[in-house]
Structures are given as structure tokens and as C-alpha cells.
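For reference, the structure discussed in these notes is given below.
The values are calculated or read from the model by the stated rules, or taken from the named source; none is laboratory data. Just so it is clear, the structure is predicted and the values come from calculations on it, not from any experiment. Every residue, glycine among them, receives a Cβ derived from its backbone with ideal geometry; neighbour counts consider all protein chains shown.
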Amino acid sequence: MRIASVIARYLAGVIFLVFGLNGFLNFIPLPPPGGIAGQFMGALYASHYLWVIFAFQVIAGVFLLVNRYVPLAVGILAPVLVNILTFHALMAPSGFRCPFRGIAMDRDVHRSATGVFRVVSVALSAAGLSPGERS
């Protein structure tokens, strides 16, 4: 179990470091969301509020990767994750339906995804769930 926690810590550290740095350097360009989500993101960018969030992500990612102040890093990332889930649950910019339904992605993204999404779909059909029950 110790190996799994180390792998999870490194994986979370890399994810938050990369996406935190992406907020500053924009090396993974993303199209702006439309509708109310776009207006909300525009306000966050204009007020520079996202700089603080990206800085928290970078700091916590570095803490996780160097294995120092890990409880502080988790404490920093908890509200960041709540904000991410709340944004996607309420504004639904990309078809995200509910964070509590398991994998709740848009059907086109789900069809084109590889790896874990196909494994989950195979596992659901092996469990005897019909396509209507899966979504």
C-alpha cells in the first residue's frame, strides 16, 4: 500500500505542477469555454484571481513531488479541487454532468477516449448493466 500512496502522490504532484504552470505559460492551449462559463472565466482572468489559484497549484505540486509538507499540500489542494468540481458541475462547459456519477463525460469524449474509459465501459458491461443504465 505504501507504493500505491507514493505513486498517487507523484502523479498528483505532476498533474498539479503541469496544469499550474500551464496557467502561467500556456503551453497547452485550450479553447475558451462558451456561455456563462466563458463569462465567468473571463472575469477570473481579468481580475487575476486565477494567478493565485495557479500559484497554489504549483506550490502544492512541488511540495508533493519533493515529499515535504505533504499535509500542507493536501490542505492547499482541497479547496482547489472543490472549486474545479463546482465549476464543472454548475456551469457544465464540456458536458460534465455530476461529479458523483463516476465517469460523467460527454458522449463524444467518452467514445474517442482510450485506456481507462474503455476499461470502465467493458467493466460496466461485464457487470450486466445495459447502455441505458450506464449513463
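Whenever a residue of the stretch 36-58 is modelled with pLDDT under 95, its partners that are not in a helix (DSSP H, G or I), lying with C-beta atoms within less than 8 angstrom and at least six residues away or across chains, give the pairs Ala37/Ala92; Ala37/Pro93; Gly38/Pro32; Gly38/Pro93; Met41/Pro32; Met41/Pro33; Gly42/Pro32. Restricting the stretch 70-93 to residues that are within 10 Å of the chain's Cα centre (by Cα) and more than 19 Å from Val58 (Cβ to Cβ), the residue that is surrounded by the fewest Cβ atoms within 10 Å (Cβ to Cβ) is Leu85. Scanning the stretch 14-35 for residues that are closer than 22 Å to Gly75 by Cα and touching a residue at least 60 places away in the same chain (Cβ under 8 Å) yields a single hit, Phe16. Across the stretch 30-51, the number of residues qualifying as exposed (fewer than 12 other Cβ atoms within 10 Å of the Cβ) and within 18 Å of the chain's Cα centre (by Cα) comes to 3.
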